[in-house]
Amino acid sequence: MWTDAPSTVDLSGTALAGLRVSGPAVSLVRLPAALQRLTLDGAGLPDRILAPGRFWLAVDGAGVGTVLPSGLDQVPVADLRGAGTVSVAGLREAPPGLRSLRVRWQRPPGELHGAAGLAGLDGLTVVELSGAYGLDADTLPDLPGLRVLTVDGLRASAAAGLRRRHRRGGVRPALRGAKSDTWLAANLDNPFRDWADDHPRAATVACKAYADAVRAIAANNADPRQILLTMVGRFNTIHASLLALDTLRREQVGDAVAALAGRAGVPADEVFEVFDF
C-alpha cells in the first residue's frame with residue numbers, strides 16, 4: 001500500500017504483483033509488467049496509468065462522479081466498491097478491453113448510475129452485482145456480449161423483471177437474495193438484512209435486536225450502555241442457540257456495535273466486554 005504518494009509514482013522497475021495507491025496529489029502511475037492487481041481510492045484517483053501488461057483493477061469508494069484514469073486499455077476485470085450509490089459512467093471511455101465487471105455496494109440503497117455507458121463495451125461478457133437493492137430490471141442497457149449476469153441482493157420485483165427480460169436471450173441470470181419491497185421497507189438500512197438469505201430465523205432476531213437498539217438510542221430515555229449490552233446479549237443468544245456465528249458475521253456484529261456505540265457516546269470497549277463468542 002502506498003498512501004500520500006507523490007505526483008508521479010514510478011514502479012516500472014519493480015516486480016510488484018499487487019499495489020494499492022491512494023493520494024489526491026497523484027497524477028501519473030507507472031506500473032511494472034509483473035503487476036496482477038491494482039487498487040485505487042475513488043477519493044484520489046490518478047489522472048493517468050502507464051502499464052505494459054494486463055491487470056485487475058479495483059476501485060474503493062467509487063461514487064457518483066468517479067472518473068477512471070486514462071491508460072487502462074489492458075484491464076480485463078474491474079471491481080468497483082462503493083457506499084449507497086456507485087457510478088460506472090467512468091467506464092464509458094476506458095477500459096475498452098473490459099471483459100468482466102463487478103459492482104459491490106456496502107450500504108443501501110444500492111443504486112447504479114451511468115449504466116447506459118456500458119452499452120459501448122462490446123466485449124463485456126460478465127456482470128456481477130452485490131447489494132443491488134436499487135436495481136431495476138431495465139437499469140442495465142442491452143449488452144450484446146453479455147453471457148453471465150449474477151446479482152446477489154436485489155428486490156423481488158427487479159428479479160422477476162430480469163428473468164422476463166432475458167427469458168429468450170443468451171443470458172440466464174443467476175439471482176440470489178431477492179427480497180420483497182415490504183421486507184426491505186422495514187430492513188433495508190439494517191446491516192443484518194442479508195442473514196435472511198441462509199438463516200431466516202437468525203436474521204429475524206438479529207434485525208429486530210439491531211432495530212430495537214437504534215430506536216432506543218434515538219429515544220434517548222434509557223442508559224445507552226445498557227441498550228447496547230442488551231443488544232449484544234441477544235446476539236450471544238443467536239450464537240448459542242440459533243446460529244454459530246462465523247468470522248464474517250462476528251465482524252458484522254462488531255461493526256454494528258461499534259457504530260452504535262459511537263452514535264451513543266459509549267466507549268465500544270465497554271460493550272465488547274460482554275461478547276460471548
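The values are calculated or read from the model by the stated rules, or taken from the named source; none is laboratory data. The structure presented is a predicted model; accordingly, all values stated were derived computationally and were not measured. Here the Cβ is made from the backbone with ideal geometry for all residues, glycine too, and neighbour counts use every protein chain on show. Each accessible area value is taken on the protein alone, full model and side chains, heavy atoms only, with ligands, DNA and RNA left out. Shrake-Rupley method; radii C 1.70, N 1.55, O 1.52, S 1.80 Å.
List of remarks:
- Flag if Ala137 is open to solvent by 20 Å² or more (accessible area, probe 1.4 Å) and in a helix (DSSP H, G or I): no
- Per-region count, the range 132-168, residues more than 19 Å from Val88 (Cα to Cα) and of a type in the set (Asp, Glu): 0
- If the condition is being surrounded by fewer than 11 Cβ atoms within 10 Å (Cβ to Cβ) and polar (S, T, N, Q), then the range 216-250 contributes Asn220, Asn221, Ser241, Thr247.
- Just one residue in the set Ala209, Ala185 is open to solvent by 30 Å² or more (accessible area, probe 1.4 Å) and small (Gly, Ala, Ser); that residue is Ala185.
- Any hit, the range 2-10, residues being out of contact with any helix residue (DSSP H, G or I) (no Cβ under 6 Å at 6 or more places or on another chain), modelled with pLDDT of 90 or more and assigned to a loop (DSSP other than H, G, I, E, B): no
- Selection status of Ala43, free of Cβ contacts under 8 Å to residues at least 40 places away in the same chain, more than 23 Å from Thr14 (Cα to Cα) and open to solvent by 20 Å² or more (accessible area, probe 1.4 Å): yes
- Restricting attention to the range 251-267, the residues being surrounded by 15 or more Cβ atoms within 10 Å (Cβ to Cβ) and within 16 Å of Asp223 (Cβ to Cβ) number 5.
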